[in-house]
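*Asks:* Can you keep this structure in mind? I'll have questions shortly.
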Amino acid sequence: MPVRRVALLGATGSIGRQAIEIISSRAELELCAIMSGSQPIAALGLEHGVSHVQVGGSAVSLLDACEPDVVLNAIVGFAGVDATLWALENGVTLALANKESLVAAGELAVAAHRRGGGLLLPVDSEHSALFQCLEGRAPDSIESLVLTASGGPFRGRTTEELASVTIADALAHPTWSMGRKISVDSATLANKGLELIEAHWLFGVPYASIEVVVHPTSIVHSLVRFRDGALLAHLGTPDMRVPISFALGYPDRPAVATARLDLAQGLDLRFEAVDERTFPLLPLARAAGEQGGTAPCAYNAANEVAVEAFLDGRIGFLEIADTVAAALDQVDGSPARDLDDLVAADAEARSIAQRRLVPA
Ligand code: NAD
Ligand code: MG
């Protein structure tokens with residue numbers, strides 16, 4: 001089997017470290033480049049014999065230089081947009097963990113993907129599950145996609161109770177161990193909002209046909225409803241190495257030493273409705289997605305600013321959703337013709353959110 005050269009962006013993060021573990025254990029995978037945002041990575045480069053190493057800046061020159069077969073985009077936030085568009089435009093396989101780039105750049109990304117003609121393989125566990133349930137199905141046989149949500153650490157809480165939660169409370173995810181930003185997004189359900197928009201762009205399904213349901217044990221990673229009433233689901237223990245391995249090994253599905261579900265022990269497969277009044281960032285994402293244009297970009301940008309402020313202890317938990325709602329009210333959301341327009345829309349929403357956070 002020919003060696004697959006992987007450019008790993010966000011190499012020092014939660015996804016990045018798990019990806020290195022997988023790549024190091026497979027003869028058919030080779031790291032050709034690594035990148036981080038600010039953490040030093042020279043030592044990591046030496047350890048893995050990687051010559052293309054970069055800290056910060058745009059990923060484009062690194063990607064041009066290293067000639068990857070696969071770009072694993074595990075950068076957090078809008079900062080991942082350059083790499084996503086580079087891979088899609090150049091027809092290089094994109095293993096996408098960085099959901100924010102697809103949310104913000106939706107239309108531009110789909111157009112670049114059409115021109116480039118490469119593979120776009122989701123790493124997000126729900127979307128990896130959907131991708132696998134959808135493979136080879138006729139589009140008109142699909143009734144809806146069903147995204148599962150763990151509900152996060154605050155499932156069952158009231159708005160009043162959420163007013164006083166701490167940073168540590170928000171970071172204590174019940175089923176997944178992840179980076180700080182996505183952990184807070186999981187606590188507010190903004191993560192599920194981003195995933196809703198991500199699913200729309202990945203699979204070309206209208207928002208009205210994408211359901212979200214709470215499933216506290218995270219065993220069912222997502223489901224597809226077909227028009228004959230059948231539901232196909234993807235089950236497994238919550239372990240990101242499975243979708244990372246699936247994307248890097250596609251279509252071979254190599255072995256992963258993850259814990260097996262013990263069916264004879266019985267599975268806890270409870271599902272429940274999302275409490276959208278207590279977690280308004282999910283319905284706000286749906287509204288931004290339906291509005292289209294740069295509304296999803298603004299949603300993402302304001303959320304990034306608010307989450308950072310929450311993690312710095314500058315605002316309370318409930319102000320995250322307030323900030324995003326206020327930013328969405330103030331932007332016009334007109335479509336981006338190109339990356340410059342998108343960067344401008346992102347900057348505008350950030351500055352609206354920042355102004356709201358800094359008392360006059
Ligand atoms: P993390 O915070 O643990 O790591 C983020 C990585 O991005 C770090 O290596 C950091 O150096 C790098 N980075 C930050 N800013 C950068 C910049 N400007 N340029 C280049 N690199 C930059 O985050 P994570 O939990 O690994 O998540 C990464 C992405 O994967 C996010 O988009 C997240 O939503 C998505 N994701 C993560 C998980 C998970 O289990 N952690 C699951 C599904 C999806
Ligand atoms: Mg996910």
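*Asks:* Of the conditions (1) assigned to a helix (DSSP H, G or I); (2) free of Cβ contacts under 8 Å to residues at least 40 places away in the same chain, Arg337 satisfies every one except a single condition; which number is it?
*Replies:* Result: Arg337 fails condition (1) only.
*Asks:* Please go through segment 72-101 and pick out each residue that is near ligand 1 (Cβ under 10 Å from one of its atoms), out of contact with any Ser or Thr (no Cβ under 6 Å at 6 or more places or on another chain) and in a helix (DSSP H, G or I).
*Replies:* Listed by number, the residues that qualify are Phe78, Ala79, Ala83, Lys99, Glu100.
*Asks:* Here's something else I'd like to know. Being within 16 Å of ligand 2 (Cβ to nearest atom) and over 16 Å from the mean Cα position of the chain (by Cα): is that true of Arg137 here? Give the derivation first.
*Replies:* Details: within 16 Å of ligand 2 (Cβ to nearest atom): no; over 16 Å from the mean Cα position of the chain (by Cα): yes.
No: the conditions fail for Arg137.
*Asks:* Continuing with this model, one more query. Quick one: which of Ala264, Ala257 is away from ligand 1 (no atom under 16 Å from the Cβ), loosely packed, with under 10 Cβ neighbours inside 10 Å and either closer than 21 Å to Leu8 by Cβ or in contact (Cβ under 8 Å) with a residue 60 or more places away in the chain (or both)?
*Replies:* Ala257
*Asks:* So which helices (runs of 4 or more DSSP H) stay within segment 102-171 end to end and still have 1 or more residues that are within 16 Å of ligand 1 (Cβ to nearest atom) and at pLDDT 95 or above?
*Replies:* 125-134, 167-171
*Asks:* Does segment 86-107 hold any residues that are aliphatic (A, V, I, L, M) and either surrounded by fewer than 23 Cβ atoms within 10 Å (Cβ to Cβ) or within 15 Å of Leu248 (Cα to Cα) (or both), and which are they? Quick ask: steps written out before the conclusion?
*Replies:* First pass over segment 86-107, keeping only residues aliphatic (A, V, I, L, M): 87-88, 92, 94-97, 102-105.
Ala87, Val92, Leu94, Ala95, Leu96, Ala97, listed by residue number.
*Asks:* Same structure, new question: How many residues are away from ligand 2 (no atom under 12 Å from the Cβ) and either of a type in the set (Gly, Ala, Ser) or more than 13 Å from Gly13 (Cα to Cα) (or both) if we restrict to segment 180-189?
*Replies:* Number of matching residues: 3.
*Asks:* Looking only at segment 192-240, how many residues end up being of a type in the set (A, V, I, L, M, F, W, C) and assigned to a loop (DSSP other than H, G, I, E, B)?
*Replies:* Adding up the residues that qualify gives 4.
*Asks:* A follow-up question, please. Please enumerate the residues belonging to segment 38-52 that are crowded, with 17+ Cβ neighbours inside 10 Å and either of a type in the set (Lys, Arg) or within 11 Å of ligand 1 (Cβ to nearest atom) (or both).
*Replies:* Within segment 38-52, Ile41, Leu44 meet the criteria.
*Asks:* Is it the case that some residue within segment 194-202 is among the β-branched types (Val, Ile, Thr), away from ligand 2 (no atom under 11 Å from the Cβ) and over 20 Å from Ile75 (Cα atoms)?
*Replies:* Filtering segment 194-202 for residues among the β-branched types (Val, Ile, Thr) gives 197.
If we keep only those that are away from ligand 2 (no atom under 11 Å from the Cβ) as well, we get 197.
Now drop any that are not over 20 Å from Ile75 (Cα atoms), which leaves none.
Within segment 194-202, not a single residue is among the β-branched types (Val, Ile, Thr), away from ligand 2 (no atom under 11 Å from the Cβ) and over 20 Å from Ile75 (Cα atoms).
*Asks:* Further question on the same structure: Just to be sure, is Ala74 over 13 Å from Asn98 (Cα atoms), within 16 Å of ligand 2 (Cβ to nearest atom) and not assigned by TED's automatic domain parsing to the domain that holds Ala302?
*Replies:* On the way: over 13 Å from Asn98 (Cα atoms): no; within 16 Å of ligand 2 (Cβ to nearest atom): yes; not assigned by TED's automatic domain parsing to the domain that holds Ala302: yes.
When the stated conditions are applied, Ala74 does not pass them.
*Asks:* Might you check whether a residue that is more than 22 Å from the chain's Cα centre (by Cα), closer than 25 Å to Asp338 by Cβ and not assigned by TED's automatic domain parsing to the domain that holds Lys192 occurs anywhere in segment 80-87?
*Replies:* Initially, segment 80-87 is screened for residues more than 22 Å from the chain's Cα centre (by Cα), giving none.
Checking segment 80-87: not a single residue is more than 22 Å from the chain's Cα centre (by Cα), closer than 25 Å to Asp338 by Cβ and not assigned by TED's automatic domain parsing to the domain that holds Lys192.
Conditions tested, residue by residue: (1) touching a residue at least 40 places away in the same chain (Cβ under 8 Å); (2) within 21 Å of Leu119 (Cβ to Cβ).
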| position | (1), (2) |
| --- | --- |
| Leu9 | yes, yes |
| Thr12 | no, no |
| Gly16 | yes, yes |
| Ala19 | yes, yes |
| Arg26 | yes, yes |
| Ala33 | no, yes |
| Gln39 | no, no |
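*Asks:* Would you point out which residue out of Asp252, Asp228, Asp239 is surrounded by fewer than 10 Cβ atoms within 10 Å (Cβ to Cβ) and either closer than 16 Å to His127 by Cα or not polar (S, T, N, Q) (or both)? Walk me through it before giving the result.
*Replies:* On the way: Asp252 fails: surrounded by fewer than 10 Cβ atoms within 10 Å (Cβ to Cβ); Asp239 fails: surrounded by fewer than 10 Cβ atoms within 10 Å (Cβ to Cβ).
Unique residue meeting the criteria: Asp228.
*Asks:* Output the residues belonging to segment 140-158 that are within 15 Å of ligand 2 (Cβ to nearest atom) and either over 13 Å from Gly204 (Cα atoms) or assigned by TED's automatic domain parsing to the domain that holds Leu94 (or both). Walk me through how you get there before you give the answer.
*Replies:* Taking segment 140-158 first, the residues within 15 Å of ligand 2 (Cβ to nearest atom) are 145-152.
Answer for segment 140-158, where residues must be within 15 Å of ligand 2 (Cβ to nearest atom) and either over 13 Å from Gly204 (Cα atoms) or assigned by TED's automatic domain parsing to the domain that holds Leu94 (or both): Val146, Leu147, Thr148, Ala149, Ser150, Gly151, Gly152.
*Asks:* Scan segment 43-71 residue by residue and report those that are touching a strand residue (DSSP E or B) at 6+ places or on another chain (Cβ under 6 Å) and not in a helix (DSSP H, G or I).
*Replies:* His48, Val50, His52, Val53, Gln54, Val55, Ala59, Pro68, Asp69, Val70, Val71
*Asks:* I would also like to ask the following. Let me spell it out: the conditions are (1) within 16 Å of ligand 2 (Cβ to nearest atom); (2) in contact (Cβ under 8 Å) with a residue 40 or more places away in the chain, and His173 meets all of them except one. Which number is the exception?
*Replies:* All conditions are met except number (2).
The values are calculated or read from the model by the stated rules, or taken from the named source; none is laboratory data. These numbers were taken from a predicted model, which means no experiment stands behind them. Neighbour counts run over all protein chains shown; Cβ positions are idealised from the backbone, glycine included.
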